Amino acid sequence: MESDKNVAALAAVQKQVEELRKDPAPGLLEISDAYVPPLGVREEDGHLVVRKCAGGYVMPGMEHVVQVSEDVADTVAVDFVLRGPEGTTYARDYPMWALLRHGVPYLVGFRAVLVNAVVDNGVVAHPMFYDRVEEEGSGRALRVVCTEARRLLRGAYHKCEKCVTNYEQFAGLEAFRKAVRVEYLEHHALRPELFAYGATGWPRTAFAPDFLAFADSARGAEDAENLVREEADGVYSFPLFTRDFCEYLVKEVEAFEATGLLVAPPNSMNKAGLKLNEIGLADTFSRLQRDYLQALAGVLFPVEGASLETHHTFIVQYAEDEDQGLDMHTDDSEVTFNVCLGKDFTGARLNFCGGFGRPDHRQHSKSYAHEIGRCVVHLGTRRHGAADILSGERFNLIMWNYSQVYRSSVLPSKRTYSRETSPPAPVCLSYTHDRDFDSYLTYPEGKAVYKEKAWCPPPGFAHDDARPTAACSHD
């Protein structure tokens, strides 16, 4: 959205950028021009709103309006690269970003994956950081961001005993993960060049021909429509990788697992799999996100997917003697890309239901059959789950993509719940989350323990509940 506020805000931040280029802050290696981050925001009836579409460009009749903060019209972004302090665990180059309003950064984050006591999911989370930046005012705020970012990497951000202990613990974990990455890359990696794609770019030989045609196009709505197949409202699939690349990536994952090197499970629900970000592939998949997937996400999901900064990328594995399936859930992401890598298997369909908090949240919309090399993409708020595998073994690469522009702009009304209009479909029930699961199905063995903490739907919003007396939101 162009406005006089945008122009003025852009000019004010660009002035700071030019001053930093003439006289760089310690550790600053490069900095982009100031830009207005893409977000589907417009003015209607005197209010700034976003048009949230159920399925992007092919679903124009499914929009609904969500009011956003007035300050979003003043949002400007800057990308920069900062060198961590020498002699510390964090002595490396960090691609970073900052979102500014009124010329002052209100969110700062790392595109690179790191473990630090005051960084949460890539975002600097300590209020003292932003207090110090704001105290400087709009004239030198970006310079202070650089100084303070290096400070939080150098040592405890606050010198109390608890903060010092936290810094040491997180820095120790970061050092351990770094040692794992170095050990694997230098002594075990099958194809070390995969770990360099962040710098060299992805080879075209990794991609399916139809996806390359999209990548070589203007990457607009018509180009996306020629690429994707609509599986359900707001759920799309498209050919991404060649079969050869899928086999190669599976072999690399198996080679890492064979080393016995320690790495955390991929997420809170899957036990079998691997966090690729932790074994040295974070920059590789950041490059994939930036050079290829961002454009498609922005077309299919023009609000949530307009500006993706970071990601959590991992492998999940399913087999009869490991994780067999996955309970219904939503993802902690704005946009999720999920591509099947192999191997031979039967069963294991991906069941899709409705969007978070909508009347059809627990209504079945699609059972998707995985195809090797083909990627399915959807909003993180879409309820879905994996049916049990019947035979063989399945590997999938999953990218949870995050947009702090979106998360910081939309008011909590985006979480407003709507009352269900009909009983839930059995396939859409979650034994982990649904408080009424046992009204329809018997808990699987050992899963009844989840009932005590189950919350969905909130009281008054299941189809057979007494009607709520006020709107409910869930964070």
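The values are calculated or read from the model by the stated rules, or taken from the named source; none is laboratory data. Because the structure is predicted, anything quoted here is derived from the model rather than measured. Note that each Cβ is placed from the backbone with ideal geometry, even for glycine, and that neighbours are counted across all protein chains shown. Please note that ligands, DNA and RNA were not included when accessible areas were found on the heavy atoms of the full protein model with its side chains. Shrake-Rupley method; radii C 1.70, N 1.55, O 1.52, S 1.80 Å.
Before moving on, here are some points about what is shown:
- Looking only at residues in region 79-93 that are crowded, with 20+ Cβ neighbours inside 10 Å and assigned to a strand (DSSP E or B), the one that is farthest from the chain's Cα centre (by Cα) is Leu82.
- Counted residues, region 346-374 - those being assigned to a strand (DSSP E or B) and basic (Lys, Arg): 2
- Meets criteria (part of a loop (DSSP other than H, G, I, E, B) and farther than 28 Å from Arg382 by Cβ) for Leu185: no
- Identification of strands (runs of 3 or more DSSP E) wholly contained in region 236-345 with 3 or more residues that are within 23 Å of Ser217 (Cα to Cα) and under 16 Å from the mean Cα position of the chain (by Cα) yields 335-342.
- Qualifying residue in region 332-344 (condition: among the β-branched types (Val, Ile, Thr), open to solvent by 10 Å² or more (accessible area, probe 1.4 Å) and under 22 Å from Phe241 (Cα atoms)): no
- Total residues in region 114-135, condition of a type outside the set (Lys, Arg) and out of contact with any strand residue (DSSP E or B) (no Cβ under 8 Å at 6 or more places or on another chain): 9
- Residue match in region 154-171 (condition: on the phi < 0 side of the Ramachandran plot, in contact with a Pro (Cβ under 6 Å, 6 or more places away or on another chain) and either surrounded by 14 or more Cβ atoms within 10 Å (Cβ to Cβ) or aliphatic (A, V, I, L, M) (or both)): yes
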